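The values are calculated or read from the model by the stated rules, or taken from the named source; none is laboratory data. For clarity, every value in this text was computed on a predicted model and none was experimentally measured. Cβ atoms come from the backbone with ideal geometry, glycine included; neighbour counts cover every protein chain shown. Heads up: the accessible areas ignore ligands, DNA and RNA and are worked out on the full protein's heavy atoms, side chains in. Shrake-Rupley method; radii C 1.70, N 1.55, O 1.52, S 1.80 Å.
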Amino acid sequence: MENENQTILIIDDDFFFARYLARIIQENIQIKVEIKVDPHEAIKYLNDNIPALIILDMMLPKMDGLTFLRNLRSNDATQNVPVIVCSALGNQQTVGESVKLNIAGYIVKPTNQTIVIDKVTNALSMLSKENPSE
């Protein structure tokens, strides 16, 4: 898969964790990463940019991850963007609600490099299978 024109959007209010994810992705998958710590900034970014993948924290200030995900899925431009949910919340209700919103994967914090690489690679490979011309 060609990654040069693709971007992964990380939405997480923990900037240090977001940078950790970005470093793993950039070093191992060689794809551009954009970080937004505020969900409203992420919405503004998505008005002009459609990423290949979104990694979304569930506990965000001003708007929880499930609300953000519902808004994402209700927008024609972003409804099919793969989303990996990332959270310290491993509870079944959050996981169940996320799955109903067609997520590409779930990462429980804290995580490690192998899990991040596997989840991101799998989500991107599913995207390339759905869009073979890209």
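Here are a few things to note about the model shown:
- Pairs with Cβ under 7 Å, 6+ apart, first in the range 68-85 and closer than 12 Å to Leu101 by Cβ, second among the polar types (S, T, N, Q) and buried (at least 21 other Cβ atoms within 10 Å of the Cβ): Leu69/Ser98; Val85/Ser98
- Given (1) open to solvent by 20 Å² or more (accessible area, probe 1.4 Å); (2) under 20 Å from Thr111 (Cβ atoms), index of the condition Thr67 fails: (2)
- Selected residue (criterion: most open to solvent (accessible area, probe 1.4 Å)) from residues of the range 70-105 that are in contact with a helix residue (DSSP H, G or I) (Cβ under 6 Å, 6 or more places away or on another chain) and at pLDDT below 90: Glu97
- Residue satisfying condition, being in contact with a strand residue (DSSP E or B) (Cβ under 7 Å, 6 or more places away or on another chain) and assigned to a loop (DSSP other than H, G, I, E, B), within set Pro61, Pro51: Pro51
- Any chance Asn5 is part of a loop (DSSP other than H, G, I, E, B), open to solvent by 40 Å² or more (accessible area, probe 1.4 Å) and touching a residue at least 12 places away in the same chain (Cβ under 8 Å): no
- Selection status of Ile10, touching a residue at least 12 places away in the same chain (Cβ under 8 Å), touching a helix residue (DSSP H, G or I) at 6+ places or on another chain (Cβ under 7 Å) and either surrounded by fewer than 16 Cβ atoms within 10 Å (Cβ to Cβ) or of a type in the set (A, V, I, L, M, F, W, C) (or both): yes
- Of all the criteria given as (1) assigned to a helix (DSSP H, G or I); (2) in contact with a strand residue (DSSP E or B) (Cβ under 8 Å, 6 or more places away or on another chain); (3) open to solvent by 70 Å² or more (accessible area, probe 1.4 Å), the one not satisfied by Glu41 is (2).
- Scanning the range 45-64 for residues that are among the β-branched types (Val, Ile, Thr) and open to solvent by less than 60 Å² (accessible area, probe 1.4 Å), we see that the one that is nearest to Tyr20 (Cα to Cα) is Ile55.
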